[in-house]
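To start, the structure under review is shown below, and the notes come after it.
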Amino acid sequence: MLLFFDIDGTLIDLKTHLLPESALRSLRSAHEKGHLLFLNTGRTPCFVDERLYQLPFDGMVCGCGTYVTLHGHVLLERELSREQALEAVSVFRSFQLPCAYEGDRKISFDDALPVNEELCYIREDARRHGLEGNTSDADFTFTKFYAYARDPGVMKALEERLHGAFTCIGRGGKYGAWEGVPTGFSKATGMDLILKHTGFTLRDCIAFGDSNNDLPMLRHAGTSVCMGHAPEDVKEACTHVTGKVMEDGIELALKSLSLI
């Protein structure tokens with residue numbers, strides 16, 4: 001079987017940022033039994049938690065399907081040209097929305113835009129890992145963005161100004177977070193590329209997730225597992241519901257499905 005795992009809220013707890021030992025143990029066991037393991041995350045590759053590299057993943061789907069690897073080979077890498085990136089920056093400046101520009105190698109920020117507490121945390125995290133970039137950098141580009149607006153109408157207007165190049169996914173939270181993904185890409189399209197190169201089918205896929213940006217892969221896979229803390233609409237989209245991250249949810253699901 002091919003097992004696809006979201007990171008935040010699935011492998012790593014959202015509140016404590018802990019990666020439970022039970023998840024490490026059970027994923028290693030699943031791999032030893034011959035199952036193929038894949039990350040399938042909204043994070044771009046540079047921002048994947050380094051703790052996950054101790055696990056035997058066979059590939060990654062990053063940036064909601066915009067960067068895909070299999071057995072160490074890059075199958076897809078999709079970043080904007082510098083010209084396209086700067087054009088998008090000018091649109092964001094006209095809206096004055098707090099924003100992080102997520103690239104394959106850097107997380108970039110614009111000093112001309114306002115900030116909030118959550119964006120400051122993201123910037124500090126990027127700086128701490130040597131990943132902080134700026135829209136003024138000569139090599140600036142990005143793949144997707146993370147922006148904040150409490151009014152959904154503002155994001156609809158932003159999508160229109162960006163000529164439909166991005167689809168905005170509401171992520172909620174105190175400041176009204178939105179994830180901007182290139183139109184036509186998702187965690188499901190990343191799965192399809194893996195399948196194309198491995199010869200497996202969707203019936204061979206099991207997806208694990210917890211939030212609305214996981215819905216494309218959860219609905220796409222033959223079997224889907226939702227974490228116990230997820231919203232009801234995500235649970236309803238899945239074939240199985242397991243426990244929370246820190247309640248050994250991943251291990252319980254793998255055992256329940258007879259994968260370990």
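The values are calculated or read from the model by the stated rules, or taken from the named source; none is laboratory data. Computed from a predicted model, the values in this text were never measured in an experiment. Note: ideal-geometry Cβ built from the backbone for every residue, glycine included; neighbour counts use all protein chains shown.
Annotations for the structure displayed:
- When each of Ala149, Ala157, Ala138, Ala165 is tested for being surrounded by 12 or more Cβ atoms within 10 Å (Cβ to Cβ), within 18 Å of Arg82 (Cβ to Cβ), more than 17 Å from the chain's Cα centre (by Cα) and not assigned by TED's automatic domain parsing to the domain that holds Phe47, the lone residue that passes is Ala165.
- Taken over region 40-83, the criterion of being surrounded by 16 or more Cβ atoms within 10 Å (Cβ to Cβ), free of Cβ contacts under 8 Å to residues at least 40 places away in the same chain and over 21 Å from Leu215 (Cβ atoms) is satisfied by Leu55, Phe57, Asp58, Thr69.
- Answer residue from region 82-102, given it is more than 20 Å from Phe47 (Cα to Cα) and of a type in the set (Ser, Thr, Tyr) and is farthest from the chain's Cα centre (by Cα) among those: Ser94
- Residues that are touching a Lys or Arg at 6+ places or on another chain (Cβ under 9 Å) and either aromatic (Phe, Trp, Tyr) or surrounded by fewer than 17 Cβ atoms within 10 Å (Cβ to Cβ) (or both), drawn from region 191-223: Gly222
- Test for Met227: is it within 14 Å of Leu36 (Cβ to Cβ), surrounded by 19 or more Cβ atoms within 10 Å (Cβ to Cβ), in the same structural domain as Asp8 (by TED's automatic domain parsing) and modelled with pLDDT of 95 or more: no
- Leu24 vs. criteria at pLDDT 95 or above, among the aliphatic types (A, V, I, L, M), within 19 Å of the chain's Cα centre (by Cα) and outside any strand (DSSP E or B): no
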